[in-house]
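In what follows, a single structure is set out as structure tokens and then discussed.
The values are calculated or read from the model by the stated rules, or taken from the named source; none is laboratory data. A quick note: this is a predicted structure, and the numbers were derived from the prediction, not measured. Here the Cβ positions follow ideal geometry from the backbone for every residue, glycine too, while neighbour counts run over all protein chains shown.
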Amino acid sequence: MERADIVTLDKRHVWHPYTAMDEYIAKTDPLVVVRAEGPYLYDADGTRYLDANGSWWVSTLGHRHPRLVRALTEQAGSLPHTSLAGVTHEPAARLAQELVALAPGLSRVFYSDNGSTAVEVAIKMAAQYWAQNGRPRRTRFITLSGAFHGETIGATSVGGVEVFRDVFGPLLFDVVHVPSPAEPAGWEHAFARVEATLREHPDEIAAVILEPLIQGAAGMQMYAPAFVRAVREATRAVDTFLIADEVFTGMGRTGARFACDLAGVVPDLLCLAKALSGGLMPFAATLATERVFSGFGGGRERALYYGHSYCGNPLGAAVAREVLAVYRDEDVLGQVARKAPKVKAAFERMASTIPGVTRPRALGMVGAVDLGSGGYLASGGWRVYEAARRRGLYLRPMGDTVYIAPALNIPDAALDELLAGVEASLLAVASGRT
Ligand code: PMP
């Protein structure tokens, strides 16, 4: 099919996520990706783009890693799908064993299919646990300003970015919002509010939910591990739960397997998706402690009545097992440790040398800067996006935040090309020569 025909059909029928469709239909010439390999996307017009964000933070092993493709096709040849209703299979069982071995303190794995559902599961587990284990008034969640936990109504309710939640306000359940630990007032200020809320309402709080160390969708807002540790201690003090949403930060993004490891914290519930299946299948897991799990025993009426058609899908589970094997065999965490200082130095240099570029920040394989303070709907980042596209980079911004979150195994030469391209694009916009 010709490139132009694909665009015509797309504009006639496809409704894109997070997109002002009238503007898109009138003005946007979308990338028409026909192939992807390693850190690159290939457009039907022959242009190669470096994928700065691993296609929404998913493709941490690059696109089309041969071992993942092989694991997927081999699994498809024997068992592509079965439900987990009175059924089990080796990929689900082995993956659960391998995941809990990487997450000491957690012993049970509930499968679903994306980051939002991994969070939805955790919310329901926490609420139901307290409902049937002697604390029925524990129905409220403490969540951080700037939090993003997904798109379902429950996950949106615990979110803290206005643009994603305000219009649904009447449909959302009530939560306690505390300031973000990434705000200039500091993590201690945010923590004081968490602690006070827990102390004043110990009977009402089902869990504190947070994205450890980086609030991704809020614009890569980073904060100190000490906050996560303090929250863990405070939740322990009143015996309530901590939910770690590591849909973005998990699987090595921050340099550790899980960001919770950097904080030295074991949560009660840990949400994983995105990189877990390396961009080959939608797949997610919510890991729980034995204590949470045991709160659902003792009769059918106490079971977790929750599930999705694709829970534990064998294709996703087989690919996720191979993802874990590739991380081990290719020392992906070691690769991040080696490359992270280069990312940090590059973003610091950009902020110190390019006018209007501020707040450099970096952790693991994430680097970000801001252009002004326009928030989510601001357009500064989009000018950089256009400049970057002309330079062969796919650099989707978040409002005024320009960031990279590339494949963790990005080859050194491609990383150099990416950092140089981001710098050149920022410079071009700053000097009005895009
Ligand atoms: N939690 C976090 C921390 C996320 O960053 C995201 C997605 N950006 C989600 C949940 C939702 O994941 P999904 O888009 O796979 O539903």
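Descriptive notes on the structure:
- Of all residues making up region 11-56, the number that are of a type in the set (Ser, Thr, Tyr), out of contact with any His (no Cβ under 8 Å at 6 or more places or on another chain) and surrounded by fewer than 17 Cβ atoms within 10 Å (Cβ to Cβ): 4
- Qualifying position, being over 16 Å from Lys124 (Cβ atoms), out of contact with any Leu (no Cβ under 8 Å at 6 or more places or on another chain) and of a type in the set (Phe, Trp, Tyr), among Tyr310, Tyr306: Tyr310
- In region 176-194, the qualifying residues are those that are within 19 Å of Ala126 (Cα to Cα) and in contact with a helix residue (DSSP H, G or I) (Cβ under 6 Å, 6 or more places away or on another chain), and the one that is surrounded by the most Cβ atoms within 10 Å (Cβ to Cβ) is Val194.
- Residue list for region 253-269, restricted to those being under 19 Å from Ala122 (Cα atoms), crowded, with 24+ Cβ neighbours inside 10 Å, away from the ligand (no atom under 12 Å from the Cβ) and not acidic (Asp, Glu): Phe258, Cys260, Pro267, Leu269
- Residue that is nearest to Ile214 (Cα to Cα) [pool: residues in region 338-368 that are in contact with an Asp or Glu (Cβ under 9 Å, 6 or more places away or on another chain) and among the aliphatic types (A, V, I, L, M)]: Ala362
- Check on Gly316, in a helix (DSSP H, G or I) and within 16 Å of the ligand (Cβ to nearest atom): yes
- Single unsatisfied condition, Ile142 versus (1) in contact with a His (Cβ under 9 Å, 6 or more places away or on another chain); (2) among the β-branched types (Val, Ile, Thr); (3) within 15 Å of the ligand (Cβ to nearest atom): (3)
- Residue in region 234-252 that is buried (at least 20 other Cβ atoms within 10 Å of the Cβ), away from the ligand (no atom under 14 Å from the Cβ) and of a type in the set (A, V, I, L, M) present: yes
- For region 57-77, the candidate set comprises residues that are assigned to a helix (DSSP H, G or I) and crowded, with 19+ Cβ neighbours inside 10 Å; within that set, the residue that is nearest to the ligand (Cβ to nearest atom) is Trp57.
- Scanning region 93-128 for residues that are of a type in the set (Gly, Ala, Ser), away from the ligand (no atom under 16 Å from the Cβ) and either buried (at least 24 other Cβ atoms within 10 Å of the Cβ) or in a loop (DSSP other than H, G, I, E, B) (or both) turns up Ala103, Gly105, Ser107.
- Residues that are outside any loop (DSSP other than H, G, I, E, B) and either among the aromatic types (Phe, Trp, Tyr) or touching a strand residue (DSSP E or B) at 6+ places or on another chain (Cβ under 9 Å) (or both) within region 278-293 comprise Ala284, Ala285, Thr286, Leu287, Ala288, Glu290, Val292, Phe293, listed in sequence order.
- Test: residue in region 388-401 that is in a helix (DSSP H, G or I), modelled with pLDDT under 95 and in contact with a strand residue (DSSP E or B) (Cβ under 6 Å, 6 or more places away or on another chain): no
- When region 397-416 is filtered for residues that are surrounded by fewer than 17 Cβ atoms within 10 Å (Cβ to Cβ) and not small (Gly, Ala, Ser), the ones remaining, listed by number, are Pro411, Asp412, Asp416.
- One residue alone among Ala256, Ala275, Ala218, Ala192 is assigned to a helix (DSSP H, G or I) and in contact (Cβ under 8 Å) with a residue 60 or more places away in the chain, and that residue is Ala275.
- Odd one out for Tyr310, checked against (1) under 20 Å from Ala230 (Cα atoms); (2) in a loop (DSSP other than H, G, I, E, B): (1)
- Evaluation of Val87 against (1) in contact (Cβ under 8 Å) with a residue 24 or more places away in the chain; (2) more than 30 Å from Ala413 (Cα to Cα) (one fails), failing number: (1)
- If you check Asp261, Asp370, Asp331 for being under 21 Å from Ala52 (Cβ atoms) and out of contact with any helix residue (DSSP H, G or I) (no Cβ under 7 Å at 6 or more places or on another chain), only one passes: Asp370.
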